[in-house]
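Student: Sharing a structure with you now.
Since every read-out is calculated from the coordinates, none of them should be taken as a lab result. Everything quoted here is computed from the prediction, not taken from an experiment. FYI the Cβ positions are ideal-geometry reconstructions off the backbone, even for glycines, and counts take in every protein chain you see.
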Amino acid sequence: MIAVEPRTRVGASWVTGFALAWLGVWLAQLTVIQLLLPDQVAALGAAHGFIDTIVRFGWISAVAGVAALVAFPVVGALSDATVSRFGRRRPWIALGTAAFAAGLLLLGAQHSAIGVGVAWSIALAGFAAVSSALTALIADQVPVGQRGLVSAFVSVPQAAGTILGLVLVEALALSRFGSYALVAVVLVVLVLPLLVRLPDPPATTASPRLRIGGMVASLWIDPRTHPDFAWTLAGRLLVNLGNALGTSLLLYFLADGLHDRQAANDLIPLVLVYLVALIVASLLAGRASDRSGRRRVFVAGAAVLQALAGLLLALVPAYGAALVGAALLGAGYGVFLAVDQALATQVLPDPADRGKDLGIMNVALAVPQAFGPIVGAALIALSGGFAALFVGAGVLSALGALSVARVRGVA
């Protein structure tokens, strides 16, 4: 089956369903990462000190990250080869959502580090599966001139989902299992409209039989043959790891770095500033990038903003500075998410392998969030404080900007 570039612009109903699905996905993932999982891990190791807790949280996140690392490209390749009356992407959106929700319910019932690690691995594999299929829809159905704006509706729900999830969990004050169950239900409810209404026509010709050996071999994309893909992937990995260092341990930074006794409550204003900046920057940059036809300058500028935020947090460890840093970090990451996603769809080696190639690209979007805590824990443990964590975030983001600047095939 030969893939062709879409020419017809998607309408408001398509974008609304797409945005709602991402709202559910991000709410489920980020509420867990920002609040529920750190609290759960802290309760497991309350008697061992904050360094031990952070290291344990990092290892659990890293183990789950391996599951996502596998799921992203594998589900992408499977969806490329799927032939069903329900379409190529819809079955994997449904399966991924189901696995994600089941993993969250299982996670809420765990009382050991091993149990938490297994359950979070299942949930994160489901997250990777649904994210891989959703991202492929952009390349499948959205024309190049609309991809910046549509990609912004991946990042805007990320912002809204994070704050909505935190507010819901804090306001309802449910039990741990109740909080995880709430997040799982919201995930399913918000993805359902897209599943029901998504125009995902079935393939008109049968795909070749997918063999494990061939699929594994196809995951290697030679950087010498496709340098733009490689530089975009490297830039995405570096910037996302920098962002993960700057955000994934915020609760511990407030509680143990600033000795804030109201850390859980003070986390919400910090996240809110970050997310408002992310939403505004994402929408403005996505539209501006579509109109100008330029991608690299926006992505590089976004990485520089993140680098400045990391350096500020390292040099001025105070709540007021953290609010300013959150605004810079949010603005930079908002621009990056909107425009980098559009850039990624324009450097794919083969249009027929969109799902698989975007799955590889998405490894660098989500896996740093999983491995960020263990990298951050190592920096904190080795240095004895949080300054090294934020310096690392700044340096990685700056290197990401340099990587994106090496892309040549896209303006």
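Student: Could you tally the net charge around Val363, taking each other residue with its Cβ under 12 Å from the Cβ of Val363, Lys/Arg +1 and Asp/Glu -1?
Tutor: The answer is +1.
Student: Peptides 370-377, 290-297: what's the order by average Cβ count within 10 Å, highest mean first?
Tutor: 370-377, 290-297
Student: Show me the ranking of peptides 236-248, 85-97 by mean Cβ neighbours inside 10 Å, starting with the highest. Each step should come with its number before you reach the end.
Tutor: Details: 236-248: 26.8, 85-97: 21.2.
Those peptides, ordered most packed to least, come out 236-248, 85-97.
Student: Go through segment 224-237 residue by residue and turn each phi into a ³J(HN,Hα) via Karplus (6.51, -1.76, 1.60, θ = phi - 60°); whole Hz please, and just put x for glycine and proline.
Tutor: These are the phi-based 3J(HN,Hα) values: 6, 7, 10, x, 5, 4, 5, 5, 5, 4, 5, x, 5, 4 Hz.
Student: Which of these values of Kirkwood radius over Cα pairs in Å was calculated from the structure shown: (1) 21.0; (2) 22.3; (3) 21.5?
Tutor: Only one option fits the structure, namely (1).
Student: Whole-Hz Karplus ³J(HN,Hα) for segment 190-197, in order, using 6.51 cos²θ - 1.76 cosθ + 1.60 and θ = phi - 60°, x for Gly and Pro?
Tutor: In residue order, the calculated couplings are 7, 7, 3, x, 5, 4, 6, 10 Hz.
Student: Per residue and in cubic angstrom, what volume does the convex hull of the Cα atoms of segment 18-99 have?
Tutor: Enclosed volume per residue, from the Cα hull, is 94 Å³.
Student: Phe86's amide H: which non-local residues (gap 5+, or another chain) put their own amide H closer than 5 Å, with H modeled 1.01 Å from N in plane and none for Pro or chain starts?
Tutor: It is none; the list stays empty.
Student: Moving on. At 222 nm, what value in deg cm²/dmol follows for the chain if DSSP H runs of at least 4 each add -39500 (n - 2.57) and the sum is divided by all its residues, to the nearest 500? If you can, show how the numbers build up before the last one.
Tutor: Values: 14 runs with 309 residues, N = 411.
That calculation yields -26000 deg cm²/dmol at 222 nm.
Student: Hey, another quick one. Kindly provide the Kirkwood hydrodynamic radius of segment 276-362 in Å, to one decimal, from all pairs of distinct alpha carbon atoms.
Tutor: Working: mean 1/r = 0.0721 Å⁻¹.
After inverting the mean inverse Cα-Cα distance, the result is 13.9 Å.
Student: Here's another thing I want to ask about it. Sorting Val280, Val154 on the 10 Å Cβ count, fewest up front, what's the list? Can you show the working numbers first?
Tutor: On the way: Val280 15, Val154 24.
Listing Val280, Val154 from fewest to most nearby Cβ atoms yields Val280, Val154.
Student: Go through 322-333, 385-396 and give me the packing order, highest mean Cβ count within 10 Å leading.
Tutor: 322-333, 385-396
Student: Ala300: net charge of surrounding residues, Cβ under 15 Å, Lys/Arg +1, Asp/Glu -1, itself excluded?
Tutor: Local charge sum for Ala300: +4.
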